[in-house]
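Student: Dumping the structure here so I can ask a few things about it.
The values are calculated or read from the model by the stated rules, or taken from the named source; none is laboratory data. Note that the coordinates shown come from a computational prediction; the quantities given were computed from them, not determined experimentally. We place every Cβ from the backbone using ideal geometry, glycine too, and count neighbours over all the protein chains shown.
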Amino acid sequence: MGIVPVSLGTKNKYLEVNMHTKNKIAAVVVSALVAGLAGCSTASSPDTASATQQAPSATQAPSANNDPQLAVQYNLDVNKVPAENFDLSKFKLNTPRDDNKPERAGKVMEIYKPMLNDKANPFSDAEWFYTDSITGAMVFASPNKAMTTPNSKNARSELRAMLSDDYSSPKNNFTIASTDNAEAYGAIGGHMSATMSVDWVSTSGDYKKNGAFATVIGQIHGSKNEPLKIMYRKLPEHEYGSIYWNYETNALGDDYSKRRDIRHEVFGQSGLRQGSEDPVTGIKLGEIFSYDVNVEGDIMHLTFTKNPGKPNQEVKTYDIDLAKGEYQGDKYDQGYANDWMYFKAGTYNQCNTGSSGCANNGIEAGDYSKVSFFKFSLDQ
């Protein structure tokens, strides 16, 4: 049996239900109850994580794609939960809820690998991680404020690669070929690929903040910094959003505060502000595109495809030496040799009620992010 936490005012109550999509009655009961609680308000709380922070109760986010042929095209079963349509055997999942497990009291919900991939009763969450009933896509959604991981102010519904059952083991993560004792890690390099759409980003936020109206849809995270964050950002008044990726310089030790993101525009334009022109070379909400991240040896190969498989397909590629350091002349960047890393995918909502000035009035108000994955794989 899965545990679905539901916010009742400021108190956390839990409903024990069968989360398998085939149990239609349970799904309807949960959706109806959550919808009925949507009007309940909670007292305001600080932006830092605490046990009282909950994702606001709301109805399920609307679909951006309503074409049942997508399920046929991508060989997806709308009656199966995500782990039955996709190989998630090397992943755990974080969702924007308070965890109900005794060992994780006061922490963000973490769905361990065995629970996520339980063959008898694989996990889904009717609001934040589920199968789209029309397209069969694997859906991730996240509000603008909820319980977060310890070092972040941003809520997420996101997979994290786990190459070992021992979280603290070097075998749980990968490294690059130049790393000393590279064979001690779970893999040298790795290949993550996704075909997806961004269905929604928050419509509230501070235009001066790049986190407003944005979400991270794929990552490579290191022990401290991130050699890759794939971003989507769309201003509320625009028809098109923009895809770009960041390389975070690996500044360490006394220079840690000097780390910075170096931005690379792919489709559209980054850093847009109120009054900017619509980035018509970008990607609309619900529009399907793909990204491919392949770390071979020391090189990170990135491929982004707009309109995949169509006559107007557009492809952009990048190659980055992760071992070299001093990326684009940054003297504080030590590169990522001798670091350990892991892949992530989903929606890591960059809109929060603190630094990016976003509201948190629920899905009906547009205060959330949502993405759909039609193809997804990790080879490690």
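Student: Pairs only if they're at least six apart or on different chains, beta carbon under 8 angstrom, first in the stretch 67-90 and within 22 Å of Lys344 (Cβ to Cβ), second modelled with pLDDT under 95 and surrounded by 12 or more Cβ atoms within 10 Å (Cβ to Cβ); list them, first residue then second.
Tutor: Correct list of pairs: Val81/Met19; Val81/His20; Val81/Thr21; Val81/Pro122; Pro82/Pro122; Ala83/Pro122; Glu84/Pro122.
Student: With respect to Thr179, is the statement that it is over 29 Å from Arg104 (Cα atoms) and of a type in the set (S, T, N, Q) true?
Tutor: Numbers: over 29 Å from Arg104 (Cα atoms): yes; of a type in the set (S, T, N, Q): yes.
Judged against the criteria, Thr179 is a match.
Student: For residues in the stretch 162-195 being assigned to a strand (DSSP E or B) and among the small types (Gly, Ala, Ser), which is surrounded by the fewest Cβ atoms within 10 Å (Cβ to Cβ)?
Tutor: The first filter runs over the stretch 162-195 and keeps only residues assigned to a strand (DSSP E or B), leaving 174-175, 187-188, 190-195.
Of the ones still in play, those that are also among the small types (Gly, Ala, Ser) are 187, 190, 193-194.
Values: Ala187: 19, Gly190: 24, Ser193: 17, Ala194: 22.
Among them, the one singled out is Ser193.
Student: Return the residue satisfying two criteria in turn: it lies in the stretch 91-117 and is touching a residue at least 24 places away in the same chain (Cβ under 8 Å) and charged (D, E, K, R), and of such residues it is farthest from Asp367 (Cα to Cα).
Tutor: Lys113
Listed here are the residues, each with its yes/no results for (1) surrounded by 19 or more Cβ atoms within 10 Å (Cβ to Cβ); (2) in a strand (DSSP E or B).
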| site | (1), (2) |
| --- | --- |
| Asp206 | no, no |
| Asn210 | yes, no |
| Val216 | yes, yes |
| Ile220 | yes, yes |
| Glu237 | no, no |
| Asn246 | yes, yes |
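Student: Another question about this same structure. Starting from the stretch 145-165, take each residue that is free of Cβ contacts under 8 Å to residues at least 40 places away in the same chain and list its partners that are surrounded by fewer than 22 Cβ atoms within 10 Å (Cβ to Cβ) and basic (Lys, Arg), counting only C-beta distances under 9 angstrom and pairs at least six apart or across chains.
Tutor: Ser164/Lys171
Residue-wise test of (1) touching an Asp or Glu at 6+ places or on another chain (Cβ under 6 Å); (2) farther than 27 Å from Trp340 by Cβ.
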| site | (1), (2) |
| --- | --- |
| Asn100 | no, yes |
| Trp128 | no, yes |
| Ala146 | no, yes |
| Ser152 | no, no |
| Lys171 | no, no |
| Ser178 | yes, no |
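Student: Do you know which of the residues in the stretch 150-161 that are under 30 Å from Glu296 (Cα atoms) and in a loop (DSSP other than H, G, I, E, B) is modelled with the highest pLDDT? Full working, then the answer.
Tutor: Taking the stretch 150-161 as the starting set, the residues that turn out to be under 30 Å from Glu296 (Cα atoms) are 151-152, 156-161.
Checking the rest, the ones that are also in a loop (DSSP other than H, G, I, E, B) come to 151-152.
Values: Asn151: 83, Ser152: 93.
The qualifying residue modelled with the highest pLDDT is Ser152.
Student: Right, next: Suppose the filter is touching a Phe, Trp or Tyr at 6+ places or on another chain (Cβ under 9 Å), more than 23 Å from Val315 (Cβ to Cβ) and not in a strand (DSSP E or B); does Ser202 pass it? Quick ask: steps written out before the conclusion?
Tutor: Values: touching a Phe, Trp or Tyr at 6+ places or on another chain (Cβ under 9 Å): yes; more than 23 Å from Val315 (Cβ to Cβ): yes; not in a strand (DSSP E or B): yes.
Yes: the conditions hold for Ser202.
Student: State which residue is surrounded by the most Cβ atoms within 10 Å (Cβ to Cβ) when the search covers only the stretch 146-161 and only residues that are in contact with a Gly (Cβ under 9 Å, 6 or more places away or on another chain), of a type in the set (A, V, I, L, M) and within 13 Å of Pro96 (Cα to Cα).
Tutor: Here the residue is Leu159.
Quick grid of which residues meet (1) farther than 20 Å from Phe376 by Cα; (2) within 16 Å of the chain's Cα centre (by Cα); (3) surrounded by fewer than 22 Cβ atoms within 10 Å (Cβ to Cβ); (4) at pLDDT 95 or above:
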residue: Gly325; (1), (2), (3), (4): yes, no, yes, yes
residue: Asp330; (1), (2), (3), (4): yes, no, yes, yes
residue: Asp333; (1), (2), (3), (4): yes, no, no, yes
residue: Asn338; (1), (2), (3), (4): yes, no, yes, yes
residue: Ala345; (1), (2), (3), (4): no, yes, no, yes
residue: Tyr348; (1), (2), (3), (4): no, yes, no, yes
residue: Cys351; (1), (2), (3), (4): yes, yes, no, yes
residue: Ser356; (1), (2), (3), (4): yes, no, no, yes
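Student: To continue, here is another question. Could you list all residues from the stretch 99-113 that are loosely packed, with under 13 Cβ neighbours inside 10 Å and acidic (Asp, Glu)?
Tutor: Glu103
Student: On the given criteria, is Glu287 assigned to a loop (DSSP other than H, G, I, E, B), modelled with pLDDT of 95 or more, surrounded by fewer than 16 Cβ atoms within 10 Å (Cβ to Cβ) and charged (D, E, K, R)? Explain how you work it out, then say what you get.
Tutor: Details: assigned to a loop (DSSP other than H, G, I, E, B): yes; modelled with pLDDT of 95 or more: yes; surrounded by fewer than 16 Cβ atoms within 10 Å (Cβ to Cβ): no; charged (D, E, K, R): yes.
So Glu287 fails the test.
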